[in-house]
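Reviewing the structure listed below.
The values are calculated or read from the model by the stated rules, or taken from the named source; none is laboratory data. Owing to the predicted nature of the structure, the values given are computational and were not obtained by experimental measurement. Ideal geometry is used to build each Cβ from the backbone, glycine not excepted, and the neighbour counts take in all protein chains shown. Each accessible area value is taken on the protein alone, full model and side chains, heavy atoms only, with ligands, DNA and RNA left out. Shrake-Rupley method; radii C 1.70, N 1.55, O 1.52, S 1.80 Å.
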Amino acid sequence: NSFDEFCILVAQKLKKEQIQSIFIFDTKIENPQLQKELHSHDIIIEFVYGHNLIGRIKQLIKIINKYHPLFFHCHFGPIEKVILSIACKLKNIPYFVSFHSLLHKDKKANDYKRNKGLVKFLLMKMQIGILSTFSKSIICVSDYIKEQLLDFHKSPKIKRIYLGIDTSIQPLLKNDIRKNNNIEKATIAFCNVSAIESLKGIDVILKASH
């Protein structure tokens, strides 16, 4: 759901493996150049608009009905994840869901219950339970996140798969990075391993630097 340059790398790999793919984005930023590049890799693009949750879910289900994909991978919000897992199950579409960040600051479910209360604890437990029932697999990008989920609901479907790193690329030293990008030695430089967007707080770091 992140409309950024990383999508191009994914699109290149999918095309190389001859997999027809549909990318669904929930952003208002319709970058024409990025769209053009994704289309060049035979990617079908769909946008989900609006802040109304029910409206967004209706749009997502409409897309599922339109394409009836071989499988569906979801990285949207918790409510979308749950409802789409049920929708895909009804359509007999294998459903995969991934968690790329911590669910909360507490590693243990009991700590979450104590800090957030019984209602939020039960909602979290129900969310993981429903996903475990209707998903083919729940993918976590670290052991820590995996243990968080397992503490709410024990399931063999909860798996850890690390984010891939291309080991053929030689890491650059900080002096090489400055030289390649014409950054003066006295200039403070921030290295950001994520999408460059306000959601990641990059604007806050830049403002703080002044």
Legend entry - Filter pass, I22 being of a type in the set (A, V, I, L, M) and either in contact with an Asp or Glu (Cβ under 9 Å, 6 or more places away or on another chain) or within 24 Å of Y144 (Cβ to Cβ) (or both): yes
Inset, instruction - Filter region 92-112 down to residues that are closer than 21 Å to L163 by Cβ and aliphatic (A, V, I, L, M) and give me whichever is most open to solvent (accessible area, probe 1.4 Å). - result: L102
Inset, instruction - Determine, yes or no, whether Y67 is aromatic (F, W, Y), surrounded by fewer than 16 Cβ atoms within 10 Å (Cβ to Cβ) and more than 18 Å from the chain's Cα centre (by Cα). - result: yes
Legend entry - Every residue from region 65-92 that is in contact with an Asp or Glu (Cβ under 8 Å, 6 or more places away or on another chain) and in contact (Cβ under 8 Å) with a residue 60 or more places away in the chain: F76
Inset, instruction - Return a yes/no flag: does region 170-193 have any residue that is on the phi > 0 side of the Ramachandran plot, surrounded by fewer than 10 Cβ atoms within 10 Å (Cβ to Cβ) and modelled with pLDDT of 75 or more. - result: yes
Inset, instruction - Take V119 and decide whether it is at pLDDT 90 or above and either β-branched (V, I, T) or open to solvent by 90 Å² or more (accessible area, probe 1.4 Å) (or both). - result: yes
Inset, instruction - Write out, first by first residue and then by second, each pair whose Cβ atoms fall under 7 Å of each other, whose residues are 6+ apart or on separate chains, and whose first residue, in region 32-61, is touching a residue at least 40 places away in the same chain (Cβ under 8 Å) while the second is buried (at least 17 other Cβ atoms within 10 Å of the Cβ). - result: none
Inset, instruction - Determine if region 136-143 includes at least one residue that is among the charged types (D, E, K, R), modelled with pLDDT of 90 or more, open to solvent by 100 Å² or more (accessible area, probe 1.4 Å) and over 21 Å from the mean Cα position of the chain (by Cα). - result: no
Inset, instruction - Filter region 153-169 down to residues that are modelled with pLDDT of 75 or more, over 17 Å from H100 (Cα atoms) and not charged (D, E, K, R), then give me how many there are. - result: 3
Inset, instruction - List the helices (runs of 4 or more DSSP H) that sit entirely inside region 1-103 and contain at least 1 residues that are at pLDDT 90 or above. - result: 53-67, 78-90
